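Asker: Mind having a look at this structure? Questions to follow.
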Number of protein chains: 2
Amino acid sequence: LFLYRCLISQAEVQAFIERCMVAVGTKPHHAHSLAEVLVEGDHRGHYSHGLNRMDMYVKDIRSGICAKDGEPVVEKESAATALVDGKNLLGPVVGNFCMNLAIKKAKEVGIGWVVAHGSNHYGIAGYYAMQALKKNMINIVCKNLSPPDAVDFCLQCTLGTNPISVAAPANDGDSFVLDMATSAVALGKIELHERRKDPIPEGWGCDPQGKLTTDPKKVLTGGGLVPIGGNEDTGGYKGYGLGMMVEVFCGILAGAQYSKHIRTWKVTDRVANLGQCFVAINPEMFAPGFSDRMSDLLSIQRNMEPADPNLPVLAAGDTERMNMKKCEELGGISYHINVVNYMVRAERGGAVHTPLLPCDRLLSS
Amino acid sequence: LFLYRCLISQAEVQAFIERCMVAVGTKPHHAHSLAEVLVEGDHRGHYSHGLNRMDMYVKDIRSGICAKDGEPVVEKESAATALVDGKNLLGPVVGNFCMNLAIKKAKEVGIGWVVAHGSNHYGIAGYYAMQALKKNMINIVCKNLSPPDAVDFCLQCTLGTNPISVAAPANDGDSFVLDMATSAVALGKIELHERRKDPIPEGWGCDPQGKLTTDPKKVLTGGGLVPIGGNEDTGGYKGYGLGMMVEVFCGILAGAQYSKHIRTWKVTDRVANLGQCFVAINPEMFAPGFSDRMSDLLSIQRNMEPADPNLPVLAAGDTERMNMKKCEELGGISYHINVVNYMVRAERGGAVHTPLLPCDRLLSS
């Protein structure tokens with residue numbers, strides 16, 4: 001049995017997503033923003049947040065649960081802060097608006113702290129981090145999500161995986177890019193194990209009774225994800241605390257939905273009203289030589305002697321960097337053929353009948 | 001065998017620490033700042049960062065490795081940011097200076113982000129968080145420390161336990177106060193197990209070969225602490241990334257020492273030049289009703305049905321709140337008698353001969 005992967009150029013994936021979104025009524029420049037974020041997700045190797053997610057956005061626009069028209073609005077502003085109403089637009093439209101505003105403020109007064117309510121899923125946080133890095137800014141992005149996260153060990157889920165991303169520029173285009181869920185793993189990893197019928201490692205999720213389980217099905221049907229750190233002994237209360245911190249910066253500060261008030265994942269009976277937080281920090285306002293120290297810190301980490309000589313120590317962002325290098329070498333993004341087939345099926349959200357295929361090349365994986 | 005604990009009023013502990021510090025040449029108002037932070041550590045139940053640590057500060061002042069005289073200086077400033085030279089003063093002197101400056105800026109432009117280099121150990125982060133909470137501000141505090149933290153699983157230690165604290169005000173004096181090391185546990189917990197000859201749980205530390213161990217001695221002699229999350233499977237790289245994030249905000253942004261360049265813990269052959277970061281965020285600049293939403297979020301968490309009915313779910317800061325309540329009921333702080341005996345021995349840093357005892361009351365523990 002051979003499994004094939006399709007190699008497709010980034011430009012082609014970008015154009016396909018734009019076509020699909022415009023076909024259901026998205027404004028072209030909104031479709032462009034969304035496509036850029038999704039392509040960057042695949043480019044960085046986060047396939048769970050790329051093309052694979054397009055159907056969700058198509059569905060949101062078609063059903064009208066996400067707004068087709070309008071622009072985000074600044075509701076309140078100071079030299080360093082802003083509160084933005086995302087007007088229920090696509091997450092990347094709100095995200096770009098907020099990140100650009102944060103960068104502008106950081107140029108002027110050293111920091112821009114912008115929070116949005118009325119937003120939707122915005123793809124990978126790393127995309128926004130890249131915008132800040134291009135301007136030599138440090139960046140923090142976080143968002144709240146609907147709760148699959150069980151506090152160690154209780155019976156209800158009251159926090160989302162509430163991811164946080166922090167990025168900082170070093171010399172010569174190098175950077176530190178942390179992009180993590182505050183649960184031990186993201187939901188997608190549990191789903192992947194369930195699809196493969198593999199057990200999950202102890203410490204990822206719990207069953208509906210709140211006990212740790214290695215059965216992915218139990219986690220997905222009434223159980224929950226475990227915060228980083230696993231149980232009480234190994235610091236699980238810290239992951240729980242970090243998830244709460246993200247909720248404070250997003251839902252609570254922005255006046256969006258929060259905790260169990262957030263609508264269930266993929267159920268679109270009402271608008272999401274997610275809260276998101278975008279921060280840019282200008283290192284020039286602090287001690288001179290920031291990027292030199294950043295480069296030194298990254299090289300200290302990377303040059304540590306690994307316990308296993310075959311597994312060199314990586315800094316946050318290195319895995320993504322390797323994936324992007326691979327894309328550049330191949331001349332495109334390599335997708336699992338099933339993902340491509342799924343996307344080109346005519347009923348795929350009813351968006352378009354133009355196929356994404358033929359892909360540029362088939363790769364045997 | 002009965003073990004006794006001594007009950008001592010907070011005012012008495014405060015006065016004792018001030019006397020000891022002034023006796024070795026500390027300026028009275030600096031001694032006052034330090035004493036306040038240490039007493040608050042004990043009051044909140046973090047005995048590892050209270051009176052128990054006084055000898056370290058006495059030694060630092062006596063040896064001259066920490067400055068007796070001067071005040072912190074603002075080196076660079078914008079409406080929302082500041083870079084402070086701590087002038088090698090006691091950590092709490094630098095910490096109070098920076099936190100007050102951050103609060104002032106947050107009142108004016110919504111956020112104050114202040115970083116200091118040339119600082120020393122500042123006690124519990126929770127103390128500074130309390131100053132911000134009193135002004136209804138959200139607060140972030142972090143600091144870098146000398147490296148006992150081993151990246152999963154390499155042979156060197158290149159990050160400190162790099163703690164981070166985040167606090168947010170709710171209604172009626174309630175609050176969320178997260179105060180955590182980015183390692184699975186703090187070094188003090190390993191020391192405590194070693195002293196009791198107890199094994200440590202898997203996932204706390206590794207041996208000098210970089211493998212997980214349950215032997216606390218191996219962790220303390222050439223091994224290292226493990227980042228939150230334990231191994232690769234359970235998200236240890238996230239704890240490592242968070243430790244790096246704190247290093248970016250502290251040592252790197254402030255131009256202080258960082259990573260392996262920081263002097264070894266308790267070795268005082270050269271000045272510490274620690275980096276610290278103090279942030280205040282003014283919720284009034286964002287969506288109205290912040291404290292109502294905070295109270296609701298805290299009550300959602302606290303009212304979750306626990307997996308074990310005897311272990312109600314707590315929010316970050318609740319354990320400390322219970323400890324403070326106990327102190328209020330007892331009318332003072334209850335110390336292990338050995339700690340008190342140690343502190344009153346004449347050779348105790350050579351500081352003073354005035355005994356702390358007689359304590360107000362003996363409690364059998």
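The values are calculated or read from the model by the stated rules, or taken from the named source; none is laboratory data. For clarity, every value in this text was computed on a predicted model and none was experimentally measured. Methodologically, a virtual Cβ is constructed for each residue, glycine included, from the backbone with ideal geometry; neighbour enumeration extends over all protein chains shown. With ligands, DNA and RNA removed, areas are computed over all heavy atoms of the protein, side chains included. Shrake-Rupley method; radii C 1.70, N 1.55, O 1.52, S 1.80 Å.
Asker: Run a plain Debye calculation on region A:46-113 (Cα atoms as equal point scatterers, no solvent) and give log10 I(q)/I(0) at q = 0.16 Å⁻¹, rounded to two decimals, same order as the q list.
Answerer: Debye output, listed in q order: -0.65.
Asker: Ordered shortest first, which distances in nm separate the 7 Å Cα→C-beta label point of B:Leu7 from those of the other copies?
Answerer: 7.7
Asker: Return the carbon/sulfur percentage of the accessible area of region A:10-127, one whole number, probe 1.4 Å, all protein chains in place.
Answerer: Details: 1930 of 3640 Å².
With neighbouring chains kept in place, the figure for region A:10-127 is 53 percent.
Asker: What does the charge count near B:Gly112 come to, summing +1 for each Lys or Arg and -1 for each Asp or Glu among other residues with Cβ under 9 Å from its Cβ?
Answerer: +2
Asker: Under a plain spin-label model, where a point goes 7 Å from the Cα along Cα-to-Cβ, how far apart in nm are A:Tyr342 and B:His261?
Answerer: Going by the 7 Å Cα→Cβ label model, 4.7 nm.
Asker: Quote the FRET efficiency, to the nearest 0.05, computed for B:Glu191 versus A:Arg195 with a Förster distance R0 of 51 Å and r equal to the Cβ-Cβ distance.
Answerer: The pair B:Glu191/A:Arg195 has a calculated efficiency of 0.65.
Asker: Where Lys and Arg each count +1 and Asp and Glu each count -1, what net charge lies around A:Thr221 among other residues with Cβ under 13 Å from its Cβ?
Answerer: -2
Asker: Shortest first and in nm with one decimal, please list how far the A:Glu202 label point sits from its counterparts in the other copies (point 7 Å along Cα→Cβ).
Answerer: 0.6
Asker: Measuring from a point 7 Å out along Cα→Cβ, what nm distances, shortest first, does A:Met56 have to its partners in the other copies?
Answerer: For A:Met56, the other copies' label points sit at 4.4 nm, shortest first.
Asker: Could I ask something else about it? Could you quickly flag the chain B residue whose beta carbon comes closest to the rotation axis taking B to A, and that distance in whole angstrom?
Answerer: Whole-Å result, nearest residue of chain B to the axis: B:Ala80, 2.
Asker: Still on this structure, please answer the following. Taking beta carbons within 10 Å but only from partner chains, what does the mean come to for residues A:179-186?
Answerer: Average per residue, whole number: 3.
Asker: Okay, moving on. To the nearest 20 debye, what charge dipole does region B:34-83 have about its Cα centre, counting +1 at the Cβ of each Lys and Arg and -1 at the Cβ of each Asp and Glu?
Answerer: Values: 6 positive and 9 negative charges, 41 e Å.
Here region B:34-83 has a charge dipole of around 200 debye.
Asker: I've got another one for you. Report the far tail of the P(r) of region B:1-133, meaning the percent of Cα-Cα pairs longer than 25 Å.
Answerer: Looking at region B:1-133, the distances longer than 25 Å represent 29 percent of pairs.
Asker: How much accessible area per residue does region A:68-152 have, in Å², with a 1.4 Å probe?
Answerer: Roughly 27 Å² per residue, with all protein chains present.
Asker: Further, regarding this structure: For the pairing of chain B with chain A, what total accessible surface becomes buried, with a 1.4 angstrom probe, in square angstrom to the nearest 100?
Answerer: Details: alone 17000 and 16990 Å², together 27330 Å².
That pair of chains buries around 6700 Å² in total.
Asker: Something else: By average Cβ neighbour count within 10 Å, what is the ranking of A:273-284, A:38-49 from highest down?
Answerer: On the way: A:273-284: 25.7, A:38-49: 22.0.
Put in order of decreasing packing, that is A:273-284, A:38-49.
Asker: Among A:Lys326/B:Lys143; A:Lys238/B:Lys217; B:Lys211/B:Lys260; B:Lys189/B:Lys260; B:Lys217/B:Lys260; B:Lys76/B:Lys135, which pairs are too far apart, with a Cα-Cα distance over 31 Å? Please list the in-between numbers first.
Answerer: On the way: A:Lys326/B:Lys143 37 Å; A:Lys238/B:Lys217 25 Å; B:Lys211/B:Lys260 20 Å; B:Lys189/B:Lys260 22 Å; B:Lys217/B:Lys260 22 Å; B:Lys76/B:Lys135 25 Å.
Flagged as over cut-off: A:Lys326/B:Lys143.
Asker: Under the definition of partner shielding as Cβ atoms of other protein chains within 10 Å of a residue Cβ, what is the mean value for peptide B:107-113?
Answerer: Mean shielding by partner chains, rounded to a whole number: 6.
Asker: Report the calculated FRET efficiency for B:Lys134 and A:Leu330 (r = Cβ-Cβ distance, R0 = 45 Å), to the nearest 0.05. Numbers along the way, then the final one.
Answerer: Numbers: r = 57 Å, r/R0 = 1.27.
After rounding to 0.05, the efficiency reads 0.20.
Asker: For B:Lys27, list the lysines whose Cα falls under 20 Å from its own Cα; do not include residues on the same chain fewer than 8 positions away.
Answerer: Straight-distance partners of B:Lys27: B:Lys59, B:Lys68, B:Lys87.
Asker: Does any residue of region B:269-306 lose at least 30 Å² of accessible area with all protein chains in place compared with its chain alone, and if so which ones (probe 1.4 Å)?
Answerer: B:Ile281, B:Met285, B:Phe286, B:Ala287, B:Phe290, B:Arg293, B:Asp296, B:Leu297, B:Ile300, B:Gln301, B:Met304, B:Glu305
Asker: Another question, then. Which one of A:Thr81, A:Asn96, A:Ala106 has its Cα pushed farthest toward the positive end of the charge dipole of region A:67-109, where Lys and Arg give +1 and Asp and Glu give -1 at the Cβ?
Answerer: A:Ala106
Asker: Okay, next question. At 1.4 Å probe radius, can you tell me the per residue accessible area of region A:250-302 in Å²?
Answerer: 34
Asker: Okay, next question. If we count every other residue with Cβ under 12 angstrom of B:Phe290's Cβ, Lys/Arg +1 and Asp/Glu -1, where does the sum land?
Answerer: So the surrounding residues net to -2.
Asker: For region A:30-77, state which residues have at least 20 Å² less accessible area in the presence of all protein chains than in their chain by itself, taking the probe as 1.4 Å and leaving out ligands, DNA and RNA.
Answerer: With the partner chains in place, region A:30-77 has these residues losing at least 20 Å²: A:Lys76.
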